[in-house]
Amino acid sequence: MGDGRKLARKVRWLRWLINIYPPLLGAGVRVRSISPDMRQINVSMPLRWYNRNYVGVQYGGSLCSMIDPFYMLMLVEILGPDYIVWDKSVDMEFVAPGRGEVFAEFYVDDALLERVRSATATGEKYLPVLPVTIVDGAGNVIAKAQKTLYIRRKMRESAGDAHAN
C-alpha cells in the first residue's frame, strides 16, 4: 500500500476518533472534513440544548472547545516525531451571539511550515500565533481567536555525547 493510501486511511481514522472524543462530542463539535495532507480541517457546532448558555446562544466554553486541538493536531502530524508541539494559550473575542450552527476552518500553509522549521532548526522554541475565526451559516463573525502554540525541534544526541560522563 502506498504512502498516500496509508495517510488517507489515517486521516479517516483520525476524523472518526476526533468526532467521538468525549470533550468535543459533549460540546457538539463535529469535524466536517480533513484534507488528505492534514493541512486543512473544517469543523462545525450546531446550537443544542447542551451547548447553549443561559440566554440561549452558543456557550463560550463550547466555542473555545471548538477551536482547541486542531492546529496542534495538524502540526504534530505534518511535522512528525522530530518536533514537540503543544497548545500554549488562546485569546478569544466574542463578537456576536451564535444563534445557530457555527463553523471554523484551520489551514496550515507552506509559509507557516517554513517559519516553524527555520525558527526551530537549532532546537529553539517557536511560539506562532495562529488566527481562527468562527462564523455562522451566513458568514457573520461570531468569535475571533488567536491560538499560540509551543513548537520545538527535538535535538538528537550524537553518539559521542551519549557516552560522555
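Values computed for the structure shown
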{"read-out": "Among residues of region 94-144, those that are within 19 Å of Leu47 (Cα to Cα) and of a type outside the set (Val, Ile, Thr), counted", "value": "17"}
{"read-out": "2 or more residues touching a Cys at 6+ places or on another chain (Cβ under 9 Å): qualifying strands (runs of 3 or more DSSP E) within region 65-165", "value": "83-94, 141-153"}
{"read-out": "Criterion (at negative phi and in a strand (DSSP E or B)) met by exactly one of Arg5, Arg32, Arg15", "value": "Arg32"}
{"read-out": "Residue match in region 135-145 (condition: polar (S, T, N, Q) and open to solvent by 30 Å² or more (accessible area, probe 1.4 Å))", "value": "yes"}
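The values are calculated or read from the model by the stated rules, or taken from the named source; none is laboratory data. What you are looking at is a predicted structure, and each value in this text was computed from that prediction instead of being measured. Cβ coordinates were reconstructed from backbone atoms using ideal geometry, including for glycine residues, and neighbour counts include every protein chain displayed. Accessible surface areas use protein heavy atoms only, side chains included; no ligands, DNA or RNA. Shrake-Rupley method; radii C 1.70, N 1.55, O 1.52, S 1.80 Å.
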